[in-house]
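The block underneath contains the structure these notes are about, expressed in structure tokens.
The values are calculated or read from the model by the stated rules, or taken from the named source; none is laboratory data. Nothing here was measured: the structure is a model prediction, and the numbers come from that model. No Cβ is skipped: glycine too gets one built from the backbone with ideal geometry, and neighbour counts run over all protein chains shown. We work out accessible area using only protein heavy atoms, side chains counted, and drop any ligands, DNA or RNA first. Shrake-Rupley method; radii C 1.70, N 1.55, O 1.52, S 1.80 Å.
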Amino acid sequence: MIKIKNLMVEVEDKLIINNFNLEVLKGELHVIMGPNGSGKSTLANTIAGHPKYSIKSGNITYKKNLINELSPEERSSLGIFLSLQYPISIPGVKNIYFLKAAINSIRKIKKQNEVDTAEFLKMVRGMLPLVGLDESFLHRSVNDGFSGGEKKRNEILQMLVLEPELSILDETDSGLDIDALKIIANGIKNYRNDNRSFILITHYHRMLDFLSPDYVHILIDGEIALSGGPELAQKLEEKGYSWVKEKKVN
Ligand code: ADP
Ligand code: MG
């Protein structure tokens with residue numbers, strides 16, 4: 001699905017991602033953990049094509065195509081989705097219109113017809129219970145006045161609507177109470193299949209108990225310091241990151 005080779009990324013002339021390598025196959029769920037400031041969001045934003053993150057060297061290949069130079073819109077139309085760590089509010093833009101505009105811009109790039117409004121509304125209504133939101137959220141401005149948990153649920157709603165093949169979820173579980181966490185984890189679980197891949201950034205193993213990931217990677221100073229299975233997340237919970245850092249130095 002996606003192959004990242006020897007990636008170096010600078011933000012504001014500062015090297016953040018260094019010598020980063022990762023391959024995610026179809027159907028796999030990879031978890032990236034790491035201390036604050038280690039570059040997790042930088043990596044997520046770079047894959048999504050955020051213009052502030054500049055690729056100094058290396059390649060990002062998505063479904064066998066080099067995407068380094070593609071705009072975020074083009075990447076989105078190819079099936080890449082980013083759930084933001086800090087979702088932004090857009091006062092004055094109704095959530096349902098936002099979702100419809102998003103899906104239609106993808107369809108436009110793909111030279112497909114626009115969605116039928118009535119059918120679209122019906123589809124989105126059917127998805128609301130999967131993320132634990134009620135219909136009022138469709139008619140409010142995007143994330144405007146939403147609680148932290150509601151914003152994260154709304155990000156997952158966007159994922160369900162846009163049907164990406166590669167979903168990058170940046171701390172979608174942060175700030176959620178245990179019930180909301182279960183709802184979101186279930187939403188992701190139900191969406192998962194053999195053709196869809198996930199890169200999940202998280203600090204907590206709780207989410208992983210629900211999702212049974214294929215791999216867990218630990219990012220330290222912009223590099224993967226250690227990779228393993230879900231047991232790695234458990235070990236981090238118990239021991240923190242210091243032992244990984246020591247290991248890296250040695
Ligand atoms: P993480 O998500 O692992 O906590 P980030 O990728 O957010 O880490 O940040 C890594 C480093 O890059 C930090 O030092 C942060 O200040 C810097 N950084 C990230 N994004 C920006 C930005 N848009 N402008 C300036 N510095 C940034
Ligand atoms: Mg982050």
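Here are some notes:
- With every protein chain in place, the chain: carbon and sulfur % of accessible area (1.4 Å): 49 percent
- Using 0.36 nm per residue and subtracting the Cα-Cα separation, the extra length available between N113 and K245 on full extension is 42.4 nm.
- Those aspartates and glutamates that a straight Cα-Cα span of less than 19 Å connects to K3, excepting residues fewer than 8 apart in one chain: E23, E28, E69, E74, E165, D170, D194, D214, E223
- Taking a ≥ b ≥ c as the square roots of the eigenvalues of the Cα gyration tensor, the stretch 194-241 is classed as oblate, since a/c reaches at least 1.5 and a/b does not exceed b/c.
- With contacts taken as Cα pairs under 8 Å and at least 6 residues apart, the stretch 21-162 reaches a relative contact order of 23 percent.
- Applying the Kirkwood pairwise sum to the alpha-carbon positions of the stretch 1-133 produces a hydrodynamic radius of 16.9 angstrom.
- Solvent-accessible surface of the stretch 1-45, averaged per residue with a 1.4 angstrom probe and all protein chains in place: 42 square angstrom.
- Rounded tilt (10° steps) of 148-162 against the dominant C-alpha axis of the chain: 70 degrees
- Using a cutoff of 8 angstrom between alpha carbon atoms and counting only pairs six or more residues apart, the relative contact order for the stretch 49-131 works out to 20 percent.
- For E28, nonlocal amide neighbours, meaning residues 5 or more places apart or on other chains whose placed amide H falls under 5 Å from its own, are F198.
- The Cα atoms of the stretch 13-77 cover 30, 27, 19 Å along the three principal axes, with the biggest extent listed first.
- For the residue pairs K56/K111; K151/K247; K64/K94; K5/K189; K14/K110, alpha carbon separations beyond 31 Å are given by K56/K111; K151/K247; K64/K94; K14/K110.
- Whole-Hz ³J(HN,Hα) from phi, Karplus 6.51 cos²θ - 1.76 cosθ + 1.60, for the stretch 26-43, glycine and proline x: 3, x, 8, 10, 9, 10, 10, 10, x, x, 4, x, 7, x, 5, 5, 4, 4
- For the stretch 156-232, the spread of Cα positions along the three principal axes, ordered from largest to smallest, is 35, 29, 20 Å.
- Contact order normalised by residue count of the chain, Cα under 8 Å, 6+ apart, percent: 27 percent
- For the stretch 147-179, no residue has its backbone nitrogen under 15 Å from a point 7 Å from the Cα of K94, taken along Cα to Cβ.
- Gaussian network model of the chain, springs between alpha carbon atoms under 10 Å - residue of T172, T202, T117 with greatest fluctuation: T117
- Residue-averaged [θ]222 nm for the chain, counting only DSSP H segments that reach four residues, each worth -39500 (n - 2.57): -11500 deg cm²/dmol
- For G222, distant residues with modelled amide H under 5 Å away: none
- Each part gets one Cα centre, and for the stretch 91-122 versus the stretch 196-250 those centres are 36 Å apart.
- Acute angle (nearest 10 degrees) that the helix 95-109 long axis makes with the longest principal axis of the chain, alpha-carbon atoms: 80 degrees
- Rolling a 1.4 Å probe over the protein heavy atoms gives the stretch 100-250 an accessible area of 49 Å² per residue.
- Computed from the C-alpha gyration tensor, the three semi-axes of the ellipsoid equivalent to the chain are 30, 22, 16 Å, from longest to shortest.
- FRET efficiency estimate (nearest 0.05) - Cβ-Cβ, E12 to K189, R0 25 angstrom: 0.10
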